[in-house]
1. Ignoring ligands, DNA and RNA, how do Lys48, Lys14 rank by accessible area with a 1.4 Å probe, largest first?
2. What does the accessible area of Asp83 come to, in Å² to the nearest 10, when a probe of 1.4 Å is used?
3. Say a paramagnetic label sat at a point 7 Å from the Cα of Glu148, along Cα to Cβ; which residues of the range 181-198 have their backbone N under 19 Å from it?
4. Heavy atoms only, probe 1.4 angstrom, no DNA, RNA or ligands counted: give me Met43, Met139 ranked by accessible area, highest first.
Amino acid sequence: MFVELADVYAKTLKQDNIDTKKYFDDHVKIELKNDYLASIPDMKPAAKLVGLITYKQTGSVTMNYTPNKMETVVAWFNGRDLDYTTGFMRYGMRYQNGRLIVPLTGTYNIYSFLSLTENNDTPEDRAQHANATLVKHAMYKYNVKLGEDVEIASSIQTHRQSANRNFNAFSSHISTLVQLEAGDEISVKISDISLTTYPGDNFFGIHMV
């Protein structure tokens, strides 16, 4: 009888070990995998740049200013300088010469905000802005396969008149969804670069959705 009980106990223990191993193989690994998959949304490429004041932006109009020519906004904090701002770059996003470069193909939300200021201190300033009635703010995509910048979204508005005779202040905002390929470069352009003299409130960003 004792031999039979010992035999039953041994078989039960062996079966319990088999059942335990099977449970871990069937469930624990799946749960760990699910935990990993659940973390993927937090690992999607994203970046936000904020405006940087540089010596090149002092004064009312830059030396190379050309009316109505779309020029790239390049005054952004980037790299480690972003650590001291509200900006960031995550999961493969890169910055180069005013452009954000996406690492993965997918759907992205891109956005840009520009705080625009017209100085009216001199008769030349007032005459220049009186003749320029429209301001275009746009976002562009560049890819080596395309070989040129392609407009993705834009905002066109009239110059705003301020009660302050020394300057006019207004703003422009763009936000849209777009399908991008790995290596696409996103930039912000404006038709009157002299309006970005005070870029402290500007921001430019992208994140995969």
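1. Values: Lys48 45, Lys14 135 Å².
Most to least solvent-accessible, the answer reads Lys14, Lys48.
2. Looks like 120 Å² after rounding.
3. Hits in the range 181-198 for Glu148 at 19 Å: 184-191.
4. Working: Met43 90, Met139 0 Å².
Highest to lowest solvent-accessible surface, that is Met43, Met139.
The values are calculated or read from the model by the stated rules, or taken from the named source; none is laboratory data. Please read all numbers here as calculations on a predicted model, not as lab measurements. Because the Cβ atoms are built from the backbone with ideal geometry, glycine has one as well, and the counts that use them run over all protein chains shown. When the accessible area is computed, the model is the full protein with side chains, heavy atoms only, and any ligands, DNA or RNA have been set aside. Shrake-Rupley method; radii C 1.70, N 1.55, O 1.52, S 1.80 Å.
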